[in-house]
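Structure first, then comments.
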Amino acid sequence: MFERFTRGARATVKGAVARAERTGAGSVTEEHLLLALLEQEGGRASFAVTALGLHDRRSSLEASFAEARRRGGLTRADTEALAGIGIDVGAIVSHVEGTHGEGALDADRGGRRWWWSGHRPFTPGAKTVLENSLRVALGRGDRFIGEEHLLLALTAKPG
């Protein structure tokens, strides 16, 4: 499948791996793919991202992702739903972090499963994005997978 990737799409995937390494993540996630895609300039996806006004929101996206990781992956909607039944997720997170250290609920705390192979694995969700980018390209009749296909695969993901 990777032989169909354009230079820009390959740069995005490599950027996602580099971002995972820089942040000490144990694996490459959809988050890394999205943030690496936002770093790319000059491609179709970059044009779409700029038109949507997301280029200027990269730092707020990074902060939102960090906060979601801190809450163990719970979304803001999950947190609000739990608050509706009297569960204060913020207090729970603070207590757990007070006992076990900052980021204790982060599912991907930089595990070292990859050390022996020399590369970081992709999470099932990130693999699905890559697979769906191929489906998007084939559905459009394209013989290549570009950044725009990665962006469409990321946005078509439910949730």
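The values are calculated or read from the model by the stated rules, or taken from the named source; none is laboratory data. These numbers come from a predicted model, not from an experiment. Positions of Cβ are generated from backbone atoms using ideal geometry, with glycine treated the same way; all protein chains shown enter the neighbour counts.
Summary of values
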| item | result |
| --- | --- |
| Every pair of residues 6+ apart whose Cβ atoms lie under 6 Å, when the first sits in the stretch 16-44 and is touching a residue at least 40 places away in the same chain (Cβ under 8 Å) and within 23 Å of A156 (Cβ to Cβ) while the second is in a helix (DSSP H, G or I) and of a type in the set (S, T, Y) | L37/T12; Q40/T12; Q40/S46 |
| Residues located in the stretch 36-59, provided they are among the acidic types (D, E) and more than 18 Å from G15 (Cα to Cα) | D56 |
| Residue among G103, G86 that alone is more than 26 Å from A153 (Cα to Cα) and modelled with pLDDT of 85 or more | G86 |
| Residue that is surrounded by the most Cβ atoms within 10 Å (Cβ to Cβ), among those in the stretch 53-83 that are of a type outside the set (G, A, S) and at pLDDT 80 or above | T79 |
| Selection count, the stretch 117-153, where residues are among the small types (G, A, S) and part of a loop (DSSP other than H, G, I, E, B) | 4 |
| Verdict on R7 being surrounded by fewer than 21 Cβ atoms within 10 Å (Cβ to Cβ) and modelled with pLDDT under 90 | no |
| Within the stretch 10-44, considering residues that are polar (S, T, N, Q) and part of a helix (DSSP H, G or I), the one surrounded by the most Cβ atoms within 10 Å (Cβ to Cβ) | T12 |
